[in-house]
Amino acid sequence: MKVLVTGANGQLGFDVVTELDKRGHNAIGVDIAEMDITDKASVKRVMREIEPDVVIHCASWTAVDKAEQCSDIVHDINVLGTENIAEECKELDAVMIFISTDYVFDGSGDKPHDIADKRKGLSVYGISKVQGEDIVTGMLDKYYIVRTTWAFGRNGNNFVKTMLRLADSGKTELNVVDDQIGSPTYTPDLARLLVDMSETNKFGIYHATNEGFCSCYEFACEIFRQTGKNIKVNPVTTEEYLKLVPQQATRPLNSRLDKSCLVDNGFEPLPFWKDSLRIYLKTVFGYGL
Ligand SMILES: NC(=O)c1ccc[n+]([C@@H]2O[C@H](COP(=O)([O-])OP(=O)(O)OC[C@H]3O[C@@H](n4cnc5c(N)ncnc54)[C@H](OP(=O)(O)O)[C@@H]3O)[C@@H](O)[C@H]2O)c1
């Protein structure tokens, strides 16, 4: 199978290419230097040259707070960029896998969101991902939309790296929100599932995260517990945190996603987040060796 992976220098894209290579697929990873997704002509040229069977579209604007000041660029990348890819997938009859997010929901209630729940992005980023989803569902029949949350992997920035950096910078105390609940997701685990999906034709919308839910505060505590770092973590509400660090995008409080659609379609669920965190801390940072 010939698979084009966009955003191949990012957290998820990098691990998707690695997983495809491991399984003997013909993986072609591209990032902005090889194919700027906002440049229609570039997308057309590269995709027609490659003629992929599947496109795993991991490229995206992901800086949630900064997005509030750059809505035009965010729209270009997350909406028009997605449209450029979808158009070529349609032309080439390729399957498109679009990676989406819990930010398409407003995070109300405390039950895990069903795939069919009403979407309402609260931020520039969230709204752009809703529009990206709509483009994919409106243009294609052979697609997967895979919503995930709180990604951490080897490449790029993530919450785990931020917590470790703050602890290593000598901070002895941190405030972390305890009313935003979701699931940390290890990108190699998600990459394995995306490749599983690409090998089937069980198209549709899915939620995919590591198993288990926690607050950001609990996530931070577990990172410091597993790495043996002695740092005091204070639980604060989002409201309190916003007074300390203003100018943030509005985030959903409830990012729990119902993943029953995975099992219903015969896909293997991802491991529990604490187990994957342990593997990440060991393989990338050498903790627990
Ligand atoms: N990270 C999370 O916590 C999270 C949570 C839920 C869902 N997701 C979704 O998961 C997917 C992958 O996220 P990630 O964490 O792997 O993101 P990431 O690390 O930020 O990677 C995104 C990649 O896309 C590239 N890119 C940006 N603009 C581009 C353009 N115009 N043309 C081509 N490539 C471009 C970026 O390059 P530059 O770095 O050079 O800009 C980067 O390499 C995204 O769809 C995201 O919305 C992520």
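The values are calculated or read from the model by the stated rules, or taken from the named source; none is laboratory data. Everything quoted here is computed from the prediction, not taken from an experiment. Using ideal geometry, Cβ is built from the backbone for each residue, glycine included, and neighbour counts are taken over all protein chains shown.
Summary table
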read-out	value
Cross-chain or 6+ apart pairs with Cβ under 6 Å, the range 4-21 first and under 19 Å from Asp53 (Cβ atoms), then in a helix (DSSP H, G or I) and within 8 Å of the ligand (Cβ to nearest atom)	Val5/Gly13; Gly7/Gly13
Residues being within 16 Å of the ligand (Cβ to nearest atom), out of contact with any Pro (no Cβ under 7 Å at 6 or more places or on another chain) and of a type in the set (Gly, Ala, Ser) - total across the range 132-176	3
Residue within the range 27-42 that is in contact with a Pro (Cβ under 9 Å, 6 or more places away or on another chain), at pLDDT 95 or above and basic (Lys, Arg) present	no
Restricting the range 1-43 to residues that are part of a loop (DSSP other than H, G, I, E, B) and within 15 Å of Gly156 (Cα to Cα), the residue that is farthest from the ligand (Cβ to nearest atom)	Ala8
Out of Ser123, Ser108, Ser128, sole residue that is over 23 Å from Asp196 (Cβ atoms) and away from the ligand (no atom under 13 Å from the Cβ)	Ser108
Residue in the range 96-113 that is over 19 Å from the mean Cα position of the chain (by Cα) and hydrophobic (A, V, I, L, M, F, W, C) present	no
Helices (runs of 4 or more DSSP H) contained entirely in the range 227-289, each with at least 1 residues that are at pLDDT 95 or above, exposed (fewer than 14 other Cβ atoms within 10 Å of the Cβ) and of a type in the set (Val, Ile, Thr)	260-264, 273-285
